[in-house]
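Structure record follows, encoded as structure tokens.
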Amino acid sequence: MISYARQTHEEQPAAAPPPVEEHIAPAPRVSVQAFCETVETAAAVQSAGEDRRLGKAHLKIQMGGMAAAIEAYRSAPTPNVIVLESDGRNDLLGGLDQLATVCDAGTRVVVIGRINDVTLYRELVRRGVSDYVLAPVGAIDVVRSICNLFSAPEAKAVGRIIAVVGAKGGVGASTIAHNVAWAIARDLAMDAVVADLDLAFGTAGLDYNQDPPQGIADAVFSPDRVDTAFIDRLLSKCTDHLSLLAAPATLDRVYDFGTDAFDAVFDTLRSTMPCIVLDVPHQWSGWTKRALIGADDILIVAAPDLANLRNTKNLFDLLKAARPNDRPPLYCLNQVGVPKRPEIAAAEFAKAIESQPVVSIPFEPQIFGSAANNGQMIAEISANHRSIEMFLQIAQRLTGRSETKKQKSSLLSPLIEKLRGR
């Protein structure tokens with residue numbers, strides 16, 4: 001369907017953090033051929049082809065516009081998507097009629113034009129054009145148009161992948177990931193799944209007090225079997241809204257993976273879950289890099305010391321360069337205020353990163369240690385602990401959701417919360 005407004009602007013309340021950008025689901029493995037008339041549009045399409053959301057699409061760009069497209073398909077099959085740039089009205093409609101005679105059934109057409117007229121829109125729709133984008137276009141306009149062809153416009157924005165990674169080992173990234181996922185499920189009432197990607201040493205099963213017989217390893221080592229039903233059997237139910245794709249946490253085999261080892265798992269989860277939280281281990285390999293770059297949003301967890309600052313800066317620079325059409329990663333400081341430990345102040349951290357931390361979580365080994373040893377979340381240990389609000393802030397920033405209305409508290413509230421947790 002033709003979209004008249006090509007940009008979305010979310011309302012921003014005063015003094016509120018910037019909203020999460022619109023969610024654009026990645027395109028599947030499709031072939032896309034663009035026929036451009038101007039070098040500016042060709043450059044925008046070329047830049048779009050480098051976006052992570054078109055990473056699976058095979059994109060080819062040619063100059064010549066409508067005439068080149070008609071000539072090209074007289075003796076060749078048409079791709080899944082044709083992107084056409086045109087300046088005129090009569091030439092455009094007449095060219096589309098000619099193109100229809102050589103176009104294969106099922107091919108989708110996106111037109112980039114400079115005429116903003118409702119009559120033209122209606123004529124394009126009548127001729128089966130999938131989308132019309134007003135020029136000049138940017139890379140994100142092309143990405144949005146192509147990706148939206150393969151997602152139902154009336155469907156809710158599902159399949160948002162959130163990757164959480166530590167800037168250094170031992171900074172508590174897994175603990176943050178698990179508690180943030182808990183906040184997403186409980187406080188924002190979103191169906192979510194935690195995927196523990198540290199197959200050898202993952203702690204998600206321990207933190208949620210789950211010991212499922214199957215988990216993510218079964219999917220990774222059997223990619224041909226991965227589908228919605230198979231993944232559903234591997235999920236362990238933690239709460240009404242939260243599920244777990246657990247790591248085996250055993251050393252009976254070596255977990256050496258190729259770059260695309262987790263692609264089938266992520267694609268299937270996207271199609272079934274509104275929110276997927278990836279607990280990414282602190283290691284640098286082809287598949288961890290791919291998981292981070294391919295995520296919709298990224299949270300880096302760092303401790304306030306020099307090594308964490310350097311690593312966070314390196315991650316920021318790499319991810320911003322690899323994801324030019326996405327917002328920068330978010331980061332939080334954890335384990336702040338360790339007694340007698342020299343620390344880098346949050347203001348200095350923010351100055352070096354050129355970005356403020358979402359929150360700074362204080363060092364409180366008593367409650368965090370108790371939660372870990374008991375297989376519980378912080379909210380289950382202490383319903384009013386200050387870190388719970390911080391986890392909720394992170395969840396809201398990553399999902400773009402506000403907190404759902406809670407029932408008024410009563411004398412039975414602690415008991416109800418305890419029973420809900422169980």
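Values in this text are rule-based calculations from the coordinates and carry no lab data. Everything numeric here is computed off the predicted structure, so don't read it as measured data. Cβ coordinates were reconstructed from backbone atoms using ideal geometry, including for glycine residues, and neighbour counts include every protein chain displayed.
Assorted remarks:
- Sequence-distant residues sharing a close amide H with V133 (under 5 Å, placed H): V111, I112, G113
- Long-range lysine pairs (8 or more apart or interchain), the stretch 160-421, Cα under 20 Å: 12
- Inter-label distance for D252 and A383, nm, one decimal - labels placed 7 Å from Cα along Cα-to-Cβ: 4.2 nm
- Along each principal axis, taking the top coordinate minus the bottom one, the Cα set of the chain gives 73, 48, 45 Å in descending order.
- Proximity of backbone amide H atoms, modeled 1.01 Å from N, is registered between N334 and A302, A303, I361 at under 5 Å, excluding neighbours fewer than 5 places apart on the same chain.
- Loop trypsin sites (Lys or Arg not before Pro), the stretch 204-268, which have at most 15 other Cβ atoms in a 10 Å radius of their Cβ (DSSP): R253
- Restricting the stretch 309-389 to GluC sites (Glu not before Pro) in coil, as DSSP defines it, with at most 14 other Cβ within 10 Å: E354
- Residues considered: V358, V193, V125. Largest GNM mean-square fluctuation over the chain, using C-alpha springs under 10 Å, is found at V125.
- Separation of alpha-carbon centers, the stretch 321-396 and the stretch 261-287, rounded to whole Å: 22 Å
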